[in-house]
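Worksheet for the structure shown next.
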Amino acid sequence: MDDPEYDYDLLVIGSGPGGQKAAIAAAKLGHRVAVVDRRDMIGGVCVNTGTIPSKTLREAVIYLTGLSMKELYGQSYRVKHDITVQDLLARTQHVVGREVEVVRSQLFRNHVDLVVGTARFTGPHTVVVEGSGERRQLSAANIVIGTGTRPARPPHVEFDDGRVVDSDGILSLERIPDSMVVVGAGVVGIEYASMFAALGTRVTVVERRERMLEFCDPEVVESLKFHLRDLSVAFRFGEEVEKVEIGRQSTVTTLASGKRIPAETVMYSAGRQGMTDELDLEAAGLTADARGRISVDGQYRTSVPHIFAVGDVIGFPALAATSMDQGRLAAQHAFGEPANELHDIQPIGIYTIPEISYCGRTEVELTEAAVPYEAGIARYRELARGQIVGDSYGMLKLLVSPSTRHILGVHVFGTNAADLLHIGQAVMGCGGTVDYLVDTVLNYPTLSEAYKVAALDVTNKLRELERFDL
Ligand SMILES: Cc1cc2nc3c(=O)[nH]c(=O)nc-3n(C[C@H](O)[C@H](O)[C@H](O)COP(=O)(O)OP(=O)(O)OC[C@H]3O[C@@H](n4cnc5c(N)ncnc54)[C@H](O)[C@@H]3O)c2cc1C
């Protein structure tokens, strides 16, 4: 029986993927639920400034530049010659608008109240919501914090929302720059670097570390770097930015090594900061770390047992997909519903051009852990569908245990990598072996056929070992 002393059984702060799914899950269980967010942020960072706009922009870039068709129709093929920011944004705004409507209608259909404004704690069970000149005090038996993150801005850099921008500011550029410095070769930085390079911008990537995307398969990262260099991207690894000067027309980025890089625009992608500073966490008995993150236990419970935190505000892996499941599970734990833990095989999708996706372990990890494996590779150019879609560089790699024949890792590079990955993830998750892929008929012609080719490659190698006779 829910406690009538409170306005709500569950109050969710933040309407991003984590918050939304927590609210819907609680509503489906029959509880009284409200979600708080700012008017222009319904759907969260995911819908408004992060995942959805960046992925729509990417589709618009691939379509308008005709990039994926150049192998078939020649290097000069282009759907539109003078691509403008308006061309790109038209599609983005359309999709973002639709997605906001989907979120609103899902909340409405499930009888979840949407409270507009910024929330802050006034006690462990109470928050005040302020916005549009109004102030409301709300109480709840349980609270989920899903406030996400904002781009971290280094204090020594002056951002001017035009020439020196972060991943939010990139969405309001007035023109496609001729040249750009991207500081930070993390996932977001390298995704945008590849999009602008595809548009014809001369991109220089500056990264403090010696390598990029070091958690991915090194062969895949090499292929990506090859492609980006082919699009005139220059990499400056092991380099630190000392200062960025803003002139009337352009910028100059000075590196600690003394190099000076002129560019029309600088995009900083220097990590993200948890959105907890406006929450007055102390009033609820909570604290955040220096990066604004809140720690939780395996049930997404904070140190105050009826307050949960989900999504990017709790840190790694900071992905929309994971945030959704964390939200759903937090709501189930809040109401004592049985809930399974998330499967430990998590997919990673990196929407560079070309795309990367993987799950399980890399060759480097397996070698470091002294776990024997055999690798099987399928190249898209060997697949009929690869030829049809004009992708000659894509590849899929399976890492297989020679003793159990279980799949230890799947690494995909190229067209539809993020979608294709899920076949391998499902086989791994269900404990299947490489033989399942050999013995299964797959549609033809498809890119999924890469699994069959890679599986046959592995099993042929394994057979050779098995037949070895001293
Ligand atoms: C450029 C970019 C590209 C990305 N691409 C991908 C991708 O391809 N795939 C993927 O899985 N993930 C991607 N991500 C990550 C993904 O967007 C996040 O993991 C996801 O949005 C996190 O969801 P969340 O539930 O933590 O809430 P968020 O989406 O971060 O939203 C939090 C919400 O809380 C609100 N809020 C904050 N403070 C308050 C307050 N005090 N009161 C009321 N409301 C508040 C904010 O306004 C915001 O709407 C990307 C991120 C970025 C920045």
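None of the figures in this text is laboratory data; all of them are computed from the coordinates on show. Computed from a predicted model, the values in this text were never measured in an experiment. Glycine gets a Cβ as well: all are built from the backbone with ideal geometry, and neighbour counts include every protein chain shown.
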Along principal axes, Cα extents of region 1-120, largest first, whole Å: 68, 25, 19
Cross-link partners of Lys461 among aspartates and glutamates (Cα-Cα below 14 Å; sequence separation of 8 or more within a chain): Glu374, Asp435
For the chain, calculated [θ]222 nm from helices alone, where every DSSP H run of n ≥ 4 adds -39500 (n - 2.57): -10000 deg cm²/dmol
Amide hydrogen neighbours beyond the local backbone of Thr118, cut-off 5 Å, H modeled: Glu130, Gly131
Residue (of Ala90, Gly429, Gln137) at the positive-pole extreme of the chain, dipole from beta-carbon charges: Ala90
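Quick one: dipole size for region 45-182, taken about the Cα centre, charges +1 on Lys/Arg Cβ and -1 on Asp/Glu Cβ, in debye to the nearest 20.
On the way: 16 positive and 16 negative charges, 74 e Å.
Value, rounded to 20: 360 debye.
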Projected-area mean, region 131-220, by convex hull of Cα positions, square nanometres: 10.5
Cα centroid separation - region 149-195 against region 1-73, whole Å: 22
Placed amide H near Arg272: partners under 5 Å, 5+ positions off or other chain: Ala152
Percent antiparallel among DSSP beta bridges (both partners in the chain, rounded to 5): 60
Most positive-pole-ward Cα, Ile353, Ala309, Gly327, against dipole of the chain from beta carbon charges: Ile353
Two-decimal Rg/Rh across the chain, once Rg and the Kirkwood Rh are taken from alpha-carbon atoms: 1.00
Equivalent ellipsoid dimensions for region 218-334 as semi-axes, Å, which come from the Cα gyration tensor, largest first: 40, 21, 11
Cα gyration tensor shape of region 354-469, rounded if a/c is under 1.5, else prolate or oblate by comparing a/b with b/c: prolate
Cα pair count fraction exceeding 18 Å, expressed as % - region 1-60: 45
Burial order of peptide ranges 320-330, 246-256 (average beta-carbon count within 10 Å, highest first): 320-330, 246-256
Highest average packing first - 376-386, 43-53, 91-101, Cβ atoms within 10 Å: 43-53, 376-386, 91-101
By average C-beta atoms within 10 angstrom, highest first, the peptides 154-164, 232-242: 232-242, 154-164
Under 26 Å between alpha carbons - lysine pairs in region 21-112 that sit 8 or more apart or on different chains: 4
In region 1-73, GluC sites (Glu not before Pro) in a DSSP loop with at most 14 other beta-carbon atoms within 10 Å: Glu5
5 Å-binned pair-distance histogram of region 164-270 (Cα, whole percent): 3, 13, 25, 27, 19, 10, 3, 1, 0
Whole-Å distance, taken between Cα centres, linking region 296-363 and region 424-438: 23
Magnitude of the charge dipole, the chain, Cβ model with Lys/Arg +1 and Asp/Glu -1, debye to 20: 940
